[in-house]
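Here the structure is laid out as structure tokens; the discussion comes afterwards.
No lab work stands behind these numbers, since they all come straight from the coordinates. Everything numeric here is computed off the predicted structure, so don't read it as measured data. Note that each Cβ is placed from the backbone with ideal geometry, even for glycine, and that neighbours are counted across all protein chains shown.
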Amino acid sequence: LTVALGGKIVALITSGQVDSALELAERCVALAESIYPKNDPRLHKSLRALGLTLEKKGDQAGAEKAFLRGYTILSISVGVQCVEAQMLIEDLCNLCVRRGDLEAAERHVRKHHKAMSEKTLQGRELAMFADSAARLANLIVRKGAGGEAEAEELVRTALDIREKVQPPQPVGIAVALCQ
């Protein structure tokens, strides 16, 4: 039911009915919390929908709290290397960047990248680690605080991983990393 409600939330947001979407997102989280423990990884979809809706409504602090809660639950129970954790850290990063808080964005992304670097990763997880390195590099460059050497090292790491994990696509990889 919460997955179906999530689809309805997206449809309401898309059609500009943000207040209705927010009401449904809050109901979705409440429903999930009535079924699962408050730290259950299955809450992440409802929390992400709530975060996206709150952001659309203009409640950036509430959105950050929802994204961070979902990310924290997943990182503890499933691991930072799961796809859903990647999506939530990206949402969290984008929220912080849109509001102009590059320090908070870097803090969240750096913590995530460090946690991933402490894991033994294989296959698709390595590709996600490359994405994490590229995300952090982009933030460092965007901040413009003299971290170009660190950013370059992160990009080299991401490129090395991408070349090993995926079939060679040097132009596509270069374009993605040079953003």
Query raised in the report: If you plug each phi of region 131-148 into the Karplus form 6.51 cos²θ - 1.76 cosθ + 1.60 with θ = phi - 60°, what whole-Hz ³J(HN,Hα) values come out, in order, with x for Gly and Pro?
Result: 4, 4, 5, 5, 4, 5, 4, 4, 5, 4, 5, 4, 5, x, 9, x, x, 4
Query raised in the report: Relative to the Cα centre, what is the charge dipole magnitude of region 72-129, using +1 at the beta carbon of each Lys and Arg, -1 at the beta carbon of each Asp and Glu, and rounding to the nearest 20 debye?
Result: 100 debye
Report summary line: Once phi for every residue in region 64-77 is put through the Karplus expression 6.51 cos²θ - 1.76 cosθ + 1.60 (θ = phi - 60°), the whole-Hz ³J(HN,Hα) values, with Gly and Pro written as x, are 4, 4, 5, 4, 5, 5, x, 4, 4, 4, 5, 5, 7, 8
Requested in this report: Count the net charge of all other residues whose Cβ sits under 12 Å from the Cβ of VAL3, scoring Lys and Arg as +1 and Asp and Glu as -1.
Outcome: +4
Query raised in the report: So how far, in whole Å, is the C-alpha centre of region 79-96 from the one of region 1-58?
Result: 17 Å
Query raised in the report: In region 12-62, if every C-alpha pair distance is counted and binned at 10 Å from zero, what percent goes to each bin?
Result: 29, 50, 20, 1
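Once every DSSP H run of n ≥ 4 in the chain is given -39500 (n - 2.57) and the sum is divided by its residues, what mean residue ellipticity at 222 nm do you get, rounded to the nearest 500 deg cm²/dmol?
Details: 9 runs with 141 residues, N = 179.
The per-residue figure over the chain is -26000 deg cm²/dmol.
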**Report entry** 0 to 90° range, to nearest 10: angle between helix 44-57 axis and the chain longest Cα axis
**Finding:** 80 degrees
**Report entry** Computed magnitude of the charge dipole of the chain (debye, nearest 20; Cβ of K, R +1, Cβ of D, E -1)
**Finding:** 260 debye
Query raised in the report: Farthest toward the dipole's positive end in region 1-104, which of LEU102, GLN60, PRO37, given Cβ charges of +1 (Lys, Arg) and -1 (Asp, Glu) about the Cα centre?
Result: PRO37
Report task. Any chance you could get the radius of gyration and Dmax over the Cα atoms of region 1-89, in Å? Result -> 12.2, 35
Report task. Could you estimate the translational diffusion coefficient of region 103-164 from the Stokes-Einstein equation, with Rh from the Kirkwood formula over C-alpha pairs, at 37 °C and 0.692 mPa s, in whole µm²/s? Result -> 283 µm²/s
